[in-house]
Amino acid sequence: MIGVVIISTKSHFAYDCNQYKALPMKVSKAQAAENRQGILDAAARLYRERGLTGVGVADITREAGLTHGGLYRHFESKDALVREACARAFDWSIAPLDGNTPNASVAERIQSYLSRQHRDAPGNGCLVAALAVDAARAGGALSQVFAEGIERNIQRFAQLLADHPPTPSPPAARASSPPAATADTTDAAATAAAHRARAMEVLATLVGGLVLARATAAAQPGLSEEILATLQGQLIRLLDTPPAS
């Protein structure tokens with residue numbers, strides 16, 4: 001008997017009319033990679049919008065346009081998906097703010113981060129402002145993902161500050177100076193440490209300010225706007241002064 005195979009348009013299955021059972025169709029490596037990327041993008045966006053406990057596997061696969069069972073062909077568990085999606089979300093960084101503004105000034109980045117648009121679109125914004133508390137509660141491997149991502153952002157922002165220093169004030173006269181080689185080494189180390197400390201200060205203020213602005217936006221939008229505007233001005237003025245070394 002000649003078997004007849006009917007191709008279904010749903011869920012990547014074929015049906016053998018003689019056997020009356022579903023035969024899985026092979027998905028190409030390119031399609032599998034695209035499906036996996038779609039799951040990660042959807043998960044990263046939904047987790048930032050709703051929190052880790054507010055998103056189920058069905059929500060993610062529906063957003064990605066895939067079946068529920070398709071997720072576990074790419075990730076061994078939901079926890080593994082959470083970790084990888086959060087690691088991917090750390091690709092979003094204030095330094096640079098996005099791929100279209102590689103030469104934006106530090107002030108422009110601060111204004112964009114502490115903006116109404118960023119406040120109202122957590123799914124496309126800063127992971128730390130959206131999920132830091134969730135990561136602290138989860139601990140373990142997820143905490144490590146956040147620690148590594150935060151460290152990268154501190155380093156990036158410190159480098160941004162080093163690349164865009166404020167105009168220095170004339171140095172005070174010194175009674176005596178150390179040898180040139182020693183002074184250069186000491187000054188470089190002190191400057192790097194100062195930029196790192198300033199980066200921590202600015203990033204912590206940005207994240208905390210955004211969290212407060214989001215928490216108050218629904219009940220007191222005027223207060224939310226005031227928080228954003230006040231911290232924008234404070235941070236931009238702060239960056240006009242050299243960091244203490």
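Throughout, read-outs are computed from the coordinates displayed, never taken from laboratory work. None of the values given here were measured: they were computed from a predicted structure. Cβ coordinates were reconstructed from backbone atoms using ideal geometry, including for glycine residues, and neighbour counts include every protein chain displayed.
A cut-off under 14 angstrom between Cβ atoms defines the neighbours of Ala199, and their net charge, with Lys, Arg +1 and Asp, Glu -1, is +2. With a Förster radius of 35 Å, plug the Cβ-Cβ distance of Asp240 and Thr186 into 1/(1 + (r/R0)^6) and report the FRET value to the nearest 0.05. Computed FRET efficiency for Asp240 and Thr186 comes out at 0.90.
A straight chain from Ala136 to Asp120 at 0.36 nm per residue would run longer than the Cα-Cα distance by 3.4 nm. Extension gain for Asp79-Gln220 works out to 47.2 nm (0.36 nm per residue, less the C-alpha to C-alpha distance). The calculated FRET efficiency for Ala193 paired with Gln37, based on their beta-carbon distance and R0 = 35 Å, is about 0.35. Gly51: net charge of surrounding residues, Cβ under 13 Å, Lys/Arg +1, Asp/Glu -1, itself excluded? Residues near Gly51 contribute +2 overall.
Converting phi to 3J(HN,Hα) with the Karplus coefficients 6.51, -1.76 and 1.60 and the offset θ = phi - 60°, region 140-155 yields x, 5, 5, 4, 5, 4, 5, 4, 5, x, 5, 4, 4, 5, 4, 5 Hz in sequence order, with x at every glycine or proline. Label-to-label distance for Gln155 and Met200 is 1.6 nm, based on points extended 7 Å past Cα in the beta-carbon direction.
Note on Tyr72 and Gln144: with the Förster distance fixed at 25 Å, the Cβ-Cβ geometry gives a FRET efficiency of about 0.60.
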